[in-house]
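Novice: Following this message is one structure expressed as structure tokens.
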Amino acid sequence: MIEILYFAWVRERIGLPREKVATQAATVRDLIAELSAREERYAMAFADLESLRVALDQELSDFDAPLSGVREVAFFPPMTGG
Amino acid sequence: MRLSVQTAPFDLGAEANAFAAAQTTAGAVVTFTGIVRDNGGTLSAMEIEHYPGMTERAIAAIMEEAIRRWSLADALVIHRHGRLAAQEPIMMVATAAPHRADAFAAAEFLMDYLKSRAPFWKKEIGADGAAWVAAKDEDEAALTRW
């Protein structure tokens with residue numbers, strides 16, 4: 001099981017802040033494809049990867065990163081701190 | 001170094017004074033404060049969301065990098081989240097170094113990285129609705145100068 005977190009407009013589009021998912025996805029990109037195939041709201045949230053960022057176990061990562069050993073995946077738009 | 005991610009307001013003057021008073025080897029203290037900007041009086045509130053856990057880790061890593069690169073005597077970051085009104089302080093950084101050039105550079109570095117690498121998201125709530133603040137290309141470009 002992998003824990004997936006969503007923030008900002010990604011959270012709003014998908015309609016929940018976090019969920020546990022059973023997946024065999026090898027990479028972040030594979031996980032996105034699995035989620036997008038589930039329901040339209042996921043497909044909408046993941047439609048434009050250019051406008052998304054991903055963190056694996058709370059470290060910024062990229063869409064081709066492997067998920068092996070990862071416990072927590074987070075999807076969010078570019079950050080606007082400061 | 002001290003780092004605080006909090007919903008509560010902070011007292012800029014008290015924080016700056018305490019930070020400066022605690023220094024024993026520094027000759028320069030620089031502080032920066034970000035406040036909620038009300039573009040033309042239309043803002044009802046700003047909501048700041050963050051990623052608990054990653055936020056603290058990301059800010060600590062940025063601070064450690066600043067301390068190492070500019071040999072800082074000390075650094076402070078306070079960043080709020082939750083619902084804020086116009087003109088309220090959002091965040092502050094303070095840096096202390098033997099000389100001012102390092103304190104200024106490190107403060108700018110911290111600000112550039114906090115903008116684009118600390119997991120916060122701002123949403124502006126106005127009379128006509130709410131909108132997420134979009135990240136600016138120039139904020140991402142600012143990182144390349146370091």
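Novice: Would you check if B:S116 is over 14 Å from B:F32 (Cα atoms), loosely packed, with under 15 Cβ neighbours inside 10 Å, touching a residue at least 24 places away in the same chain (Cβ under 8 Å) and touching a helix residue (DSSP H, G or I) at 6+ places or on another chain (Cβ under 9 Å)?
Specialist: No: the conditions fail for B:S116.
Novice: Condition check: of a type outside the set (V, I, T), in contact with a helix residue (DSSP H, G or I) (Cβ under 9 Å, 6 or more places away or on another chain) and under 21 Å from B:A103 (Cα atoms). Does B:A21 satisfy that?
Specialist: Against the criterion (of a type outside the set (V, I, T), in contact with a helix residue (DSSP H, G or I) (Cβ under 9 Å, 6 or more places away or on another chain) and under 21 Å from B:A103 (Cα atoms)), B:A21 does not qualify.
Novice: Under 15 Å from the mean Cα position of the chain (by Cα), buried (at least 16 other Cβ atoms within 10 Å of the Cβ) and more than 8 Å from chain A (Cβ to nearest Cβ), is that true of B:I78?
Specialist: yes
Novice: Quick check: is even one residue across the stretch B:29-39 at pLDDT 95 or above, surrounded by fewer than 22 Cβ atoms within 10 Å (Cβ to Cβ), more than 14 Å from chain A (Cβ to nearest Cβ) and touching a Lys or Arg at 6+ places or on another chain (Cβ under 8 Å)?
Specialist: yes
Novice: Between B:A131, B:A103, B:A107, B:A141, which is assigned to a strand (DSSP E or B) and either in contact with a strand residue (DSSP E or B) (Cβ under 6 Å, 6 or more places away or on another chain) or more than 10 Å from chain A (Cβ to nearest Cβ) (or both)?
Specialist: B:A131
Novice: Checking B:A14 against (1) farther than 12 Å from B:A73 by Cα; (2) modelled with pLDDT of 95 or more; (3) not in a helix (DSSP H, G or I), which single condition isn't satisfied?
Specialist: Against the list (1) farther than 12 Å from B:A73 by Cα; (2) modelled with pLDDT of 95 or more; (3) not in a helix (DSSP H, G or I), B:A14 comes up short only on (3).
Novice: Could I ask something else about it? Among the numbered conditions (1) outside any loop (DSSP other than H, G, I, E, B); (2) exposed (fewer than 13 other Cβ atoms within 10 Å of the Cβ), tell me where B:T25 comes up short.
Specialist: With (1) outside any loop (DSSP other than H, G, I, E, B); (2) exposed (fewer than 13 other Cβ atoms within 10 Å of the Cβ) applied to B:T25, the lone miss is (1).
Novice: Does the stretch A:14-22 contain at least one residue that is out of contact with any Phe, Trp or Tyr (no Cβ under 9 Å at 6 or more places or on another chain), buried (at least 16 other Cβ atoms within 10 Å of the Cβ) and more than 14 Å from chain B (Cβ to nearest Cβ)?
Specialist: The answer is no; no qualifying residue exists.
Novice: Among the residues in the stretch B:83-91, are any within 15 Å of B:T33 (Cβ to Cβ), assigned to a helix (DSSP H, G or I) and within 12 Å of chain A (Cβ to nearest Cβ)?
Specialist: No, the stretch B:83-91 contains no residue that is within 15 Å of B:T33 (Cβ to Cβ), assigned to a helix (DSSP H, G or I) and within 12 Å of chain A (Cβ to nearest Cβ).
Yes/no matrix, rows are residues, columns are (1) within 23 Å of A:P17 (Cβ to Cβ); (2) touching a Leu at 6+ places or on another chain (Cβ under 6 Å):
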{"site": "B:G53", "(1), (2)": "yes, no"}
{"site": "B:A58", "(1), (2)": "yes, no"}
{"site": "B:R68", "(1), (2)": "no, no"}
{"site": "B:A75", "(1), (2)": "no, no"}
{"site": "B:H99", "(1), (2)": "no, no"}
{"site": "B:A106", "(1), (2)": "no, yes"}
{"site": "B:F109", "(1), (2)": "no, no"}
{"site": "B:K122", "(1), (2)": "yes, no"}
{"site": "B:L143", "(1), (2)": "no, no"}
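The values are calculated or read from the model by the stated rules, or taken from the named source; none is laboratory data. A quick note: this is a predicted structure, and the numbers were derived from the prediction, not measured. Heads up, the Cβs are rebuilt from the backbone with ideal geometry, glycines too, and the neighbour counts pull from every protein chain shown.
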